[in-house]
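Report on the following structure.
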Number of protein chains: 4
Amino acid sequence: AGGLYQLSKAGKLCVPAMNVNDSVTKQKFDNLYCCRESILDGLKRTTDVMFGGKQVVVCGYGEVGKGCCAALKAMGSIVYVTEIDPICALQACMDGFRLVKLNEVIRQVDIVITCTGNKNVVVREYLDRMKNGCIVCNMGHSNTEIDVASLRTPELTWERVRSQVDHVIWPDGKRIVLLAEGRLLNLSCSTVPTFVLSITATTQALALIELYNAPEGRYKQDVYLLPKKMDEYVASLHLPTFDAHLTELSDEQAKYLGLNKNGPFKPNYYR
Amino acid sequence: AGGLYQLSKAGKLCVPAMNVNDSVTKQKFDNLYCCRESILDGLKRTTDVMFGGKQVVVCGYGEVGKGCCAALKAMGSIVYVTEIDPICALQACMDGFRLVKLNEVIRQVDIVITCTGNKNVVVREYLDRMKNGCIVCNMGHSNTEIDVASLRTPELTWERVRSQVDHVIWPDGKRIVLLAEGRLLNLSCSTVPTFVLSITATTQALALIELYNAPEGRYKQDVYLLPKKMDEYVASLHLPTFDAHLTELSDEQAKYLGLNKNGPFKPNYYR
Amino acid sequence: AGGLYQLSKAGKLCVPAMNVNDSVTKQKFDNLYCCRESILDGLKRTTDVMFGGKQVVVCGYGEVGKGCCAALKAMGSIVYVTEIDPICALQACMDGFRLVKLNEVIRQVDIVITCTGNKNVVVREYLDRMKNGCIVCNMGHSNTEIDVASLRTPELTWERVRSQVDHVIWPDGKRIVLLAEGRLLNLSCSTVPTFVLSITATTQALALIELYNAPEGRYKQDVYLLPKKMDEYVASLHLPTFDAHLTELSDEQAKYLGLNKNGPFKPNYYR
Amino acid sequence: AGGLYQLSKAGKLCVPAMNVNDSVTKQKFDNLYCCRESILDGLKRTTDVMFGGKQVVVCGYGEVGKGCCAALKAMGSIVYVTEIDPICALQACMDGFRLVKLNEVIRQVDIVITCTGNKNVVVREYLDRMKNGCIVCNMGHSNTEIDVASLRTPELTWERVRSQVDHVIWPDGKRIVLLAEGRLLNLSCSTVPTFVLSITATTQALALIELYNAPEGRYKQDVYLLPKKMDEYVASLHLPTFDAHLTELSDEQAKYLGLNKNGPFKPNYYR
């Protein structure tokens, strides 16, 4: 979605676009809830590591980072967080994670996980200082977060120990365990549950239908958020799978709240 | 904040207004994190109830409801949730709470907590069906959520057992324990930590300064959200109290993300 | 270990035996902490099921059941527990799980997990009433807990969908997903972390050494618990892997507690 | 209970005694589950402190320490643990707490909680190094854990800020917040839920009845654990309050397990 906004700002977006990535259902389900499970799954399938007692640093405390941290904390890991944004940083504090700079903990952690959407978060300098056996993986964005290129140098030996798992070996024998060559762990080494796929695919389909059916002029060459009502519709379609029973507003309550009984229930900026 | 938007819609707002209530720092800190603690505190100070094993229904799964549910789940309560909005409803499911209609569980629960912002959520019909000793309280909005007026009838006896705690007694001897006469439990029976007050007061003060200093014409007679940069500033002022260390973007990273190194780091719609 | 005690009671135990299974390190690490991770791992590798929002019943709330319940609750599942022992039952209540009989929830749950050490816990009658797609697996004891033999009848079709995963298909098309043909999920479909293996193997080795070195007559043809001091020794050997720093008693404190400064710190009955 | 065993060892116990403190129901309910709630309650009522983001050190990881740590972790505190016993120490690691010596974290923590059953755990040297505003309290044993006497010296000023809360002020203005003058926080500043009292009182009453009714010679001048069957009976009496439904063994299952259908279900050493 960041790319769309940059295109739009540069005047290079030639069609209307829906920022589906920032709709609630995408953010919460594809990112938070899915990653909460896939971080554990991806690490187990590749390394069989035990989570209890392990020290982990998670770079980035957006929805993906929140999911990773919650899961690992629940499994008994001791989790540190790095952040650039003070709002997310303060959330990490209130959720019980020490907010550190990467260099403060890099020597002691057993697992390093990137979820920033940024580039060069884990650079060679940090890789050099990790301890023997440290696991390094990326849950964030593309393959930019770990500077894997910096590891392809003559003095380091690569050993493929199984699919998606490389040992990178320093001259002194130290090994780090690099997963999926720095690509997305959740896509490369875990699976995406059909439930999450269904939510994301439904959201994308509805966005396309909305753009296709919209009267001339409703959408310009810009980036739009999915109308809240559609976001709510996607959610309501998935409630029966949990045997979940929604409460309906009475007429009196709807009037009191100034809402239509059928929604949207939240302002468009809600997330 | 809902009132401001209704005024604005009706053309009756005669000055610019900042919707401070919907800024991230207010929503997360005053609502989510503060209520996570004050629901436990308010119930303990008034009733000394043990949370472990108790069945609780929480009406509403916004930030306040999320805080209440998380706290009670952590203390070993079995928590049910009611919701009108499918997005919040689906979040409740994914967080491990059964989504029910109030009438499905009202006979079995030990504690009823309202956090909807709505009116007449717990009406006499439900109060009649609660079991003996059920505790009823409001964490949401004003004093509208529980229909307390419906309990002031001749056939019911009120007994004040201590400050903020009334037993309402049915002819058959059944008692419900009504806290703060249906007013806000977190304000009436708990305390607000200075940390949260500081965040909220800082946000309000910055909003007033922004409105006061703004050049003529920047703000019209409408409702505005606090600029994200100020929200981030409030957060950054509170990080040192946790000895939290923020990471700074490198020039290369800021350019890659299309961000200023000093923020704002999030789009205005971020929450 | 139960078998050893039955042999001993029957006077058929012809050598001294150490009940290693009931030592603290075995119970907590091999059972509680290991199963907390392997229940998630085993289910993911075989079914890719999403845990969030799923309804699960766990039969048995011993150490294994506690581990399974804690993990699934943390991942957002709604967990019910069955128990025969009132002490474990009350613990389940206090930990926030509804204590039910299997027939109360069997129609609604998405996953059934046995951890009882008993036989015929999930019998054909329950299998008949499960809903379409229900996953059934055993974390407990041998292959006795699920009555798999009752499913090998002409009217049911078995379909092997992948290694360790069978669909059992009813005449009306209903499928249940049976894992590892009812054998132990944690051994068949997950991995045992080296850390846990190390604890268990160290405990077993020390027990053998103790029996071998013991002076004539110290151990009779009976079942013994590992001396607490050895249990503590096993634990202390594994602390450095977590960079964990133990506190030492001062002379004054040891005297006050009536303990030797080097342990054992707990009475033999401690678990 | 430690005192009873010391008396017995010294040959000074002149009547049979039941070690009720080490029965499962006492340990789990009075210590673990009760303290999980009363640590939060005691701290809130005395100091109104916000738990989110606070750094806390808990001395001792027995049942009381486990309850305190679980509660504070759930509320978003960052919790460190000290231990002398490697078994409890390893449990703390696996539950996600850094195991430290007190001097490693004493300068940085916001709250210090003792739950060791020992004496002089927090001595003047540590009190001197705490930061301004640090809260110090005792959840463990009598009033021995914090060396309060060492604070009654001329250079320190005591200021009673409210009932059970003293500020002790250093010459440089640093204040520590001492609760209940080092006596038990859970008894002095919190309440004990009737549910827990009922469990403990029932256990004590049954122990007395057992000793009174026992045939001559069953109990000598020694310390006994409550027979498991009585422990189970206490638990079963408290299940209906949670609407909890116990499963009964079939004849076949009881035979398979070598158990009586009415219990005891656990060996006497079970805890």
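Find the relative contact order for the range B:130-211 and round it to a whole percent, using C-alpha pairs within less than 8 Å whose residues are 6+ positions apart.
In percent, rounded to a whole number, it is 33.
Return the distance in nm (one decimal) between the two label points of a simple spin-label model at B:Asn132 and C:Lys261, each offset 7 Å from Cα along Cα→Cβ.
Using points 7 Å along Cα→Cβ, the separation is 6.0 nm.
Rounded, prolate or oblate: which fits the range A:80-178 when a ≥ b ≥ c are the square roots of the eigenvalues of the alpha-carbon gyration tensor, with rounded for a/c under 1.5 and prolate only if a/b beats b/c?
prolate
Given contacts defined as C-alpha pairs under 8 Å and at least six residues apart, what's the relative contact order of chain C, whole-number percent?
So the answer I get is 21 percent.
In the range C:229-250, what residues drop by 20 Å² or more of accessible area when the other protein chains are put back, versus the chain on its own? Use 1.4 Å, and skip ligands and nucleic acids.
The answer is C:Glu232, C:Ala235, C:Leu239, C:Phe242, C:Asp243, C:Ala244, C:His245, C:Leu246, C:Thr247, C:Leu249.
Answer rounded, prolate or oblate for the range C:165-249, using the Cα gyration tensor with square roots of eigenvalues a ≥ b ≥ c: rounded when a/c is under 1.5, else prolate when a/b is larger than b/c, else oblate.
Oblate, since a/c reaches 1.5 and b/c is not below a/b.
Quick check for the range D:25-188: number of Lys pairs with alpha-carbon distance under 14 Å, counting only pairs 8 or more apart or on different chains?
Eligible lysine pairs with Cα atoms under 14 Å apart amount to 5.
Which of C:Leu90, C:Leu184, C:Leu249 moves most in a GNM of chain C, Cα contacts under 10 Å?
C:Leu249
Restricting to the range D:25-188, compute how many DSSP beta bridges are antiparallel as a %, nearest 5.
Here the share of antiparallel DSSP bridges comes out near 35 percent.
Could you work out the relative contact order of the range D:8-135, using alpha carbon pairs under 8 angstrom and six or more residues apart, expressed as a whole percent?
Result for the range D:8-135 is 23 percent.
Which of C:Phe51, C:Phe97, C:Phe195 ends up with the largest GNM mean-square fluctuation for chain C, with Cα atoms connected below 10 Å?
C:Phe195
Compute for chains D and C the buried accessible surface, both sides summed, probe 1.4 Å, and express it in Å² to the nearest 100.
Chains D and C together bury approximately 5900 Å².
How large, in percent, is the carbon and sulfur part of the accessible surface of the range D:226-271 at a probe radius of 1.4 Å?
54
For an R0 of 25 angstrom, estimate the FRET efficiency from the Cβ-Cβ distance between A:Asp243 and A:Leu187 and round to the nearest 0.05.
0.25
So who's got an amide H within less than 5 Å of the one on C:Tyr80, skipping anything under 5 residues away but keeping other chains? H placed 1.01 Å off N, in plane.
It is C:Val56, C:Val57, C:Val58, by chain and number.
Only helices at least 20 Å long along their axis, Cα-based, and averaging -1.0 or more on Kyte-Doolittle count here, so list those DSSP H runs from chain B.
Correct list, ordered by number: B:194-213.
State the Cα centre-to-centre distance between the range A:129-193 and the range B:163-205 in whole Å.
The distance from the Cα centre of the range A:129-193 to that of the range B:163-205 comes to 52 Å.
What does the structure give for B:66-75 when I average, per residue, the other chain Cβ atoms found within 10 Å of the residue Cβ?
Mean shielding by partner chains, rounded to a whole number: 3.
If we restrict to alpha carbons, what Rg and Dmax does the range C:14-108 come to, in Å?
Cα radius of gyration and Dmax of the range C:14-108 are 14.8, 52 Å respectively.
Express the carbon and sulfur contribution to the solvent-accessible surface of the range A:51-130 as a percent, rounded to the nearest whole number, probe 1.4 angstrom.
Using a 1.4 Å probe with all protein chains present, the range A:51-130 comes out at 45 percent carbon and sulfur.
Mind checking the per residue accessible area of the protein assembly as shown for me, 1.4 Å probe, whole number of Å²?
39
For chain C, compute the orientation-averaged projected area of the C-alpha convex hull (one quarter of its surface), in nm².
The orientation-averaged projected area of the Cα hull of chain C comes to 17.8 nm².
Return the distance in nm (one decimal) between the two label points of a simple spin-label model at A:Ser150 and B:Gln6, each offset 7 Å from Cα along Cα→Cβ.
Calculated label separation equals 5.7 nm.
Please build a GNM for chain C, connecting alpha carbons under 10 Å apart, and tell me which residue among C:Ser163, C:Ser250, C:Ser142 fluctuates the most.
Most flexible of the set in this elastic network: C:Ser250.
Assign one of three labels to the protein assembly as shown, namely rounded, prolate or oblate, based on the Cα gyration tensor with a ≥ b ≥ c the square roots of its eigenvalues; rounded applies when a/c is under 1.5, prolate when it is not and a/b is larger than b/c, and oblate otherwise.
Judged from the Cα gyration tensor, the protein assembly as shown comes out rounded (a/c under 1.5).
Taking H placed 1.01 Å from N in the peptide plane, check which residues at least 5 places from B:Asn262 or on another chain put their amide H under 5 Å from its amide H.
Amide H to amide H, under 5 Å and 5 or more residues apart or across chains, B:Asn262 pairs with nothing.
Under the Karplus relation 6.51 cos²θ - 1.76 cosθ + 1.60, θ = phi - 60°, what is the ordered set of whole-Hz ³J(HN,Hα) values for the range C:167-175, x standing for Gly and Pro?
Taking θ as phi minus 60°, the curve returns 8, 9, 10, 7, x, 7, x, 4, 10 Hz for the range C:167-175.
The values are calculated or read from the model by the stated rules, or taken from the named source; none is laboratory data. Note that the coordinates shown come from a computational prediction; the quantities given were computed from them, not determined experimentally. FYI the Cβ positions are ideal-geometry reconstructions off the backbone, even for glycines, and counts take in every protein chain you see. These area figures cover heavy atoms from the full protein model, side chains too; ligands, DNA and RNA do not enter into them. Shrake-Rupley method; radii C 1.70, N 1.55, O 1.52, S 1.80 Å.
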